[in-house]
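Undergrad: One structure follows; several queries about it will come next.
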Amino acid sequence: MQKIFATLLVFLISYSFYAQTDTKAIPEKETKEFEIDSTLVLSLDTTLNTLYNVISGERGEERNWKQFKYLFKEDAKLIPSYKDEDDVYQVRYLSPKDYIKSSGKWLVEHGFFEKEIHRDVDIFGNIAQVYSTYESFYSESDEKPFMRGINSIQLLNDGTRWWIINIYWTQETPENQIPLNYLP
């Protein structure tokens, strides 16, 4: 029974993040008090840490969406994969602005912390491919994650800074466990 509940919870959370929504229905909110810190994209490490930090926060805590959008190159995509009602894997293509509109309100209302627990990096010249394993929590004080998965992140260094080009991810499920080589 506990496995069924856990599977249902993961599905409901996945659906709230990745199901088709009317992105015009949720207004984008940017708080003027937030500023952009341009030093947070000078290294690959700070860029990735900023990605996780900027979407994380306790319930009721606004996110710095200006900093979030600053991480991405124009036309960058966030691409969640999920199983549809027919049990077939699908993808959804979101711009950073679409992501904010579809998930931003949920993150603030429920609290959300995504923590990287493992990273594999391949760099060739000015491009990087990162496999970043994450755990998700409702609060920073939670001891057990409610979800885990892997982000496949592609980045570009333009000679001055790192830009996120795409984030393509999938969540762990009972049938799709994270391989040991992607765990700490």
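The values are calculated or read from the model by the stated rules, or taken from the named source; none is laboratory data. All values derive from a computational prediction rather than experimental measurement. When we count neighbours, we look across all protein chains shown, and the Cβ atoms used for this are built from the backbone with ideal geometry, even at glycine. Each accessible area value is taken on the protein alone, full model and side chains, heavy atoms only, with ligands, DNA and RNA left out. Shrake-Rupley method; radii C 1.70, N 1.55, O 1.52, S 1.80 Å.
Undergrad: Around G149, with a cut-off of 14 angstrom between Cβ atoms, what is the net charge of the other residues, counting Lys and Arg +1 and Asp and Glu -1?
TA: That sum, taken over residues with Cβ under 14 Å, equals -1.
Undergrad: Also, I was wondering about something else. Using DSSP to call loops (not H, G, I, E or B), can you name the GluC sites (Glu not before Pro) in the stretch 110-184 whose Cβ has at most 10 other Cβ atoms within 10 angstrom?
TA: Hits after loop and neighbour filter: E143, E175.
Undergrad: Net charge near E116, counting Lys/Arg +1 and Asp/Glu -1 over other residues with Cβ under 12 Å of its Cβ?
TA: Cβ neighbours under 12 Å give a net charge of -1.
Undergrad: Right, another one. What is the magnitude of the charge dipole of the stretch 55-153 about its Cα centre, with +1 placed on the Cβ of each Lys and Arg, -1 on the Cβ of each Asp and Glu, and no other charges, expressed in debye to the nearest 20?
TA: The calculation lands at about 400 debye.
Undergrad: Here's a follow-up. Given Cα pairs under 8 Å that are at least 6 residues apart, what percent is the relative contact order of the stretch 57-104?
TA: Reported relative contact order: 33 percent.
Undergrad: Checking the table K77/K144; K83/K105; K69/K144; K73/K144; K69/K105 against a 26 Å threshold on Cα-Cα, which pairs fail?
TA: With Cα atoms farther than 26 Å apart: K77/K144; K69/K144; K73/K144.
Undergrad: Alpha carbon centre of the stretch 123-175 versus the stretch 71-96: separation in Å?
TA: Computed from Cα coordinates, the inter-centre distance equals 13 Å.
Undergrad: Enumerate the calculated ³J(HN,Hα) couplings along the stretch 122-128 in order (Karplus 6.51 cos²θ - 1.76 cosθ + 1.60, θ = phi - 60°), each rounded to whole Hz, writing x wherever the residue is Gly or Pro.
TA: Calculated HN-Hα couplings, in order: 10, 10, 9, x, 9, 10, 9 Hz.
Undergrad: Using a 1.4 angstrom probe on the protein heavy atoms only, could you order Y134, Y82, Y89 from most to least accessible area?
TA: The most accessible residue leads, giving Y89, Y82, Y134.
Undergrad: For a quick check: with amide H placed at 1.01 Å from N, whose amide H comes under 5 Å from M147's, ignoring anything fewer than 5 positions away on the same chain?
TA: S136
Undergrad: Find out how many positive minus negative residues lie around P184, taking Lys and Arg as positive, Asp and Glu as negative, among other residues whose Cβ is under 15 Å from that of P184.
TA: -1
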